[in-house]
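First comes the structure, then the notes that go with it.
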Amino acid sequence: METALFGALQMLADPQLWLVVSLASLYGLFVGAVPGLTATMATALLVPVTFFMPPVMAIAAIVSASAMAIFSGDIPGCLLRMPGTPASAAYTDESYRMMLNGQAEQALGAGLLFSVLGGLFGVAVLCLAAPLLAEFALRFSTFEYFWLVLFGLACAVVIASEDRLKGMASLLIGLLVAMVGMNNPGGVPRFTFGSIQLTGGIDMVPLLIGMFAVSEIMRNAPTAHEPFVMATRRIGSIFAGQWALVRRYRVQLLRGSALGTAIGALPGAGADIAAWMSYGISKKFSAEPEKFGTGHVEGIVESGAANNSALGAAWIPALVFGIPGDSITAIAIGVLYMKNLNPGPTLFTQTPETVYAIFLIFVAANLMMLPLGWLCIRVCLSLLRAPRNVLMPLILLACIVGSFAIENSLFAVGVMVAAALVAVVMERNAFPVGPVILGVVLGKMLEENLVSSMIKADGSPLGFVERPISATLALLFALLILWPLLRRMGGRALGAARA
Amino acid sequence: MIQLNDRISGVVLAALGAVTVALAQQLPPIPGQQVGPSLLPSLIGSGLVVCGLLLMLRVARAKSDSQPPLAVFDRLDRRGLVCVLAIPAACVIYIVLADRLGFVLTATLILLLLQRTLRVQWLTAIVIAVVGALAFNSVFAGLLRVPLPGGILTTAFG
């Protein structure tokens, strides 16, 4: 381990790496702070640029940009009541009320400080748990992987979707997209309709940029010319009184970080769910729940910590199994594959120095968030005045060039537009877009493990549950999909007992 | 924008699923194996059919036909719709013209068109369009060596 750690430090001694990390951080802060531009969009748009970087630098850029964007999404939430990123939506009303009460400094400061603390908590768990889990996962065969992928997909539907039926439909559409191309068990052109470009499958990057960036631009376009109206003129010192908050709300901090980490580590559920659940739990266990919604910092402390801790923890299933914890890690997994750093337990045994380097970058990115976030809050009033009607066309050009750059083909630009239109229609009709990406990322893995397991088991379904670990995973999966039903039955039984 | 009723979404999903299953059945099997490239697509297609049917059933069972309104494109006037559709239109313009006009001219054109649609003043729009296109060209074609189409500017001056 010492040699690996030393190797990791050597990798990090590159000054160019830190230049990239700083630039990516500033970029992440900026994109997160502009309302309507999300952390996922920041990450998706970064992919074409990371294409030209060495592996560790590429991951470093993604880690730092996404961490910063999740934090800076709090800023427009507080000042404009518009969450900069969905992960901030849970406590947007609360921090906006605080701003109206003249406590913008405390709301923003708490958002920043507890983002950093929660982030570090999630990273600590990542560093400790991932290598242990990887060692365990070395024993996994296709049967275990099959159940694990299925579990991840089910999480996205059961936990992360408001409307489970529509979540399921989205997921199936994503899986269907992954089926296109020659890369299948038979090696035959599947769903290519005679197109040569489709034989290689549909590339992730233009799809992501279309679904998460171009669709956002379309959503922003009608109001892009209207400047935001801000109810505050200046922001004072954000760190005043924060230490008292840490002492007063240390239980909330720990609870939020722990819940965020747990949700993040679940495949398929990420920062935004973590924030919503934490906010709810905070209110439920609070000594003064009546203050929630009136501009009370307690919920911001807990869910602000939760969403950033989820971000680090989401990398646990991503690195160990190649199963993304949220849409940002789904993109990161795509980058890992592009860089020939195929995620999985062998990543930890073959190139441990890379894994440690990624961990260290996580710690560094969270620490850098403190000064950079402070800087961002200082300039945010002018940042929010950035003319969006000038910005949006430039971002669209970045989307076009980014999609083109991956394969140097205009076909990819076409895929991007199609994906954007589909995403807009889906969102308009309350179909979640996140599960689509999860389906696209995991489709190949699901198929490989399903088909080779079927061949190994000679068509017998018993083969899927014969090994103890695969049986456990199958049971977990069954519990997860039956959970809504069990809860309803439990609630009914309880009601009957009371009556 | 387009708001489909859930019943229509259900029909579309079920139809997509049925087509998927039908196409999957035509895929050749792996010689000597019972399962092959048609297995998972068939399962996915069947799943889509079930989802579509359940969605239709849910609409039929619901008392009112009203859908929860979404804040995204509500109360969109014609201007707003033009703004929304200008975005994919710009991408299509790029796809059609990029190889003929080259990157710099096409990029300038779509930047200008989009900014004007989003009500940026002429002077700002022109300056941003030209500077933006040139900056993108030097970063991506120059620095990152993306082979952006050169087009008529390179033929004329290169």
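The values are calculated or read from the model by the stated rules, or taken from the named source; none is laboratory data. Worth saying up front: this structure is predicted, and the values here are computed from it rather than measured. In this analysis, Cβ positions are derived from the backbone assuming ideal geometry, glycine residues included, and neighbour counts consider all displayed protein chains.
Here B:THR106 meets the list (1) at the interface with chain A (Cβ under 7 Å from one of its Cβ atoms); (2) part of a helix (DSSP H, G or I); (3) not aliphatic (A, V, I, L, M) almost entirely, failing just condition (1).
The set of residues in segment B:20-48 that are of a type in the set (Val, Ile, Thr) and more than 10 Å from chain A (Cβ to nearest Cβ) contains only B:VAL21.
Looking across A:ALA430, A:ALA386, A:ALA365, one residue alone is farther than 15 Å from B:PRO88 by Cα and at the interface with another protein chain (Cβ under 7 Å from one of its Cβ atoms). It is A:ALA430.
Any chance you could count how many residues in segment A:154-163 are in a helix (DSSP H, G or I) and within 15 Å of the chain's Cα centre (by Cα)?
Filtering segment A:154-163 for residues in a helix (DSSP H, G or I) gives A:154-158.
Still in the running and within 15 Å of the chain's Cα centre (by Cα): A:155-156.
Of the residues in segment A:154-163, 2 are in a helix (DSSP H, G or I) and within 15 Å of the chain's Cα centre (by Cα).
In the condition set (1) facing chain B (nearest Cβ under 7 Å); (2) surrounded by fewer than 24 Cβ atoms within 10 Å (Cβ to Cβ); (3) within 22 Å of A:SER161 (Cα to Cα), A:ALA420 is compliant with all but (2).
Inspect segment A:172-181 for any residue being at pLDDT below 90 and surrounded by fewer than 23 Cβ atoms within 10 Å (Cβ to Cβ) and give the result as yes or no. There is no residue in segment A:172-181 that is at pLDDT below 90 and surrounded by fewer than 23 Cβ atoms within 10 Å (Cβ to Cβ).
For the subset of segment A:84-93 comprising residues that are crowded, with 24+ Cβ neighbours inside 10 Å and either of a type outside the set (Val, Ile, Thr) or at pLDDT 85 or above (or both), which member is nearest to A:ILE328 (Cα to Cα)? So that I can check it myself, show each step before the final result.
First pass over segment A:84-93, keeping only residues crowded, with 24+ Cβ neighbours inside 10 Å: A:84-85, A:87-88, A:90-91.
Adding the requirement that they be either of a type outside the set (Val, Ile, Thr) or at pLDDT 85 or above (or both) leaves A:84, A:87-88, A:90-91.
On the way: A:GLY84: 15, A:ALA87: 12, A:SER88: 15, A:ALA90: 18, A:TYR91: 21 Å.
Among residues in segment A:84-93 that are crowded, with 24+ Cβ neighbours inside 10 Å and either of a type outside the set (Val, Ile, Thr) or at pLDDT 85 or above (or both), the one nearest to A:ILE328 (Cα to Cα) is A:ALA87.
Mind listing whichever residues of segment B:55-64 are crowded, with 16+ Cβ neighbours inside 10 Å and facing another protein chain (nearest Cβ under 8 Å)? Hit for segment B:55-64 is B:LEU55, nothing else.
Considering segment A:166-188 alone, what residues qualify as being more than 9 Å from every other protein chain (Cβ to nearest Cβ) and either among the charged types (D, E, K, R) or more than 22 Å from A:MET426 (Cβ to Cβ) (or both)? Within segment A:166-188, A:GLY181, A:MET182, A:ASN183 qualify.
Select from segment B:1-41 the residues that are closer than 19 Å to A:LEU446 by Cα and either of a type in the set (A, V, I, L, M, F, W, C) or under 26 Å from the mean Cα position of the chain (by Cα) (or both) and list them in ascending order.
To start, the set of residues in segment B:1-41 that are closer than 19 Å to A:LEU446 by Cα comprises B:17, B:20-21, B:24, B:27, B:29-30, B:33-41.
B:GLY17, B:THR20, B:VAL21, B:ALA24, B:LEU27, B:ILE30, B:VAL35, B:LEU39, B:LEU40, B:PRO41, listed by residue number.
Within segment A:282-322, being touching a Lys or Arg at 6+ places or on another chain (Cβ under 7 Å) and either within 16 Å of A:VAL63 (Cβ to Cβ) or of a type in the set (Val, Ile, Thr) (or both) holds for one residue alone: A:THR294.
Going through segment A:162-184 one residue at a time, which ones are touching a Lys or Arg at 6+ places or on another chain (Cβ under 9 Å) and more than 15 Å from A:LEU207 (Cβ to Cβ)? First the steps, then the outcome.
Pass one, segment A:162-184, residues touching a Lys or Arg at 6+ places or on another chain (Cβ under 9 Å): A:165, A:178-184.
Within segment A:162-184, A:LEU165, A:MET182, A:ASN183, A:ASN184 qualify.
When B:ILE126 is tested against (1) aliphatic (A, V, I, L, M); (2) at the interface with chain A (Cβ under 9 Å from one of its Cβ atoms); (3) touching a helix residue (DSSP H, G or I) at 6+ places or on another chain (Cβ under 7 Å), only condition (2) is not met. Residues that are closer than 18 Å to A:ALA213 by Cα and of a type in the set (Ser, Thr, Tyr) within segment B:88-110 comprise just one, B:TYR94.
None of A:GLY36, A:GLY32, A:GLY7 is buried (at least 24 other Cβ atoms within 10 Å of the Cβ) and either small (Gly, Ala, Ser) or at pLDDT 90 or above (or both) except A:GLY32. In summary, helices (runs of 4 or more DSSP H) completely within segment A:1-109 and bearing 1 or more residues that are of a type in the set (Lys, Arg) occur at A:92-100. Of the helices (runs of 4 or more DSSP H) contained entirely in segment A:247-321, those carrying at least 3 residues that are surrounded by fewer than 22 Cβ atoms within 10 Å (Cβ to Cβ) fall at A:250-265, A:271-285.
Taken over segment A:187-204, the criterion of being surrounded by fewer than 19 Cβ atoms within 10 Å (Cβ to Cβ), out of contact with any strand residue (DSSP E or B) (no Cβ under 7 Å at 6 or more places or on another chain) and without any contact (Cβ under 8 Å) to a residue 60 or more places away in the chain is satisfied by A:GLY187, A:VAL188, A:PRO189, A:PHE193, A:GLY194, A:SER195, A:ILE196.
Taken over segment A:63-81, the residue count meeting the criterion of being touching a residue at least 60 places away in the same chain (Cβ under 8 Å) and surrounded by fewer than 24 Cβ atoms within 10 Å (Cβ to Cβ) is 1. Scanning segment A:435-485 for residues that are among the charged types (D, E, K, R) and buried (at least 22 other Cβ atoms within 10 Å of the Cβ) returns a single hit, A:GLU447.
Within segment A:322-353, track down each residue that is outside any helix (DSSP H, G or I) and under 22 Å from A:ALA213 (Cα atoms). It would help to see each step written out before you state the result.
Of segment A:322-353, the ones outside any helix (DSSP H, G or I) are A:322-326, A:339-344, A:351.
Within segment A:322-353, A:PRO324, A:GLY325, A:ASP326 meet the criteria.
Return the residues of segment A:400-414 that are more than 8 Å from every other protein chain (Cβ to nearest Cβ) and surrounded by 23 or more Cβ atoms within 10 Å (Cβ to Cβ); say none if nothing qualifies.
Our first condition is that a residue be more than 8 Å from every other protein chain (Cβ to nearest Cβ); within segment A:400-414, this holds for A:402-403, A:406-407, A:409, A:411-412.
A:GLY402, A:SER403, A:ALA412 - these are the residues of segment A:400-414 that are more than 8 Å from every other protein chain (Cβ to nearest Cβ) and surrounded by 23 or more Cβ atoms within 10 Å (Cβ to Cβ).
Looking at the structure I just gave you, is A:ILE196 aliphatic (A, V, I, L, M), more than 10 Å from chain B (Cβ to nearest Cβ) and under 19 Å from A:ILE437 (Cα atoms)? The answer is no for A:ILE196.
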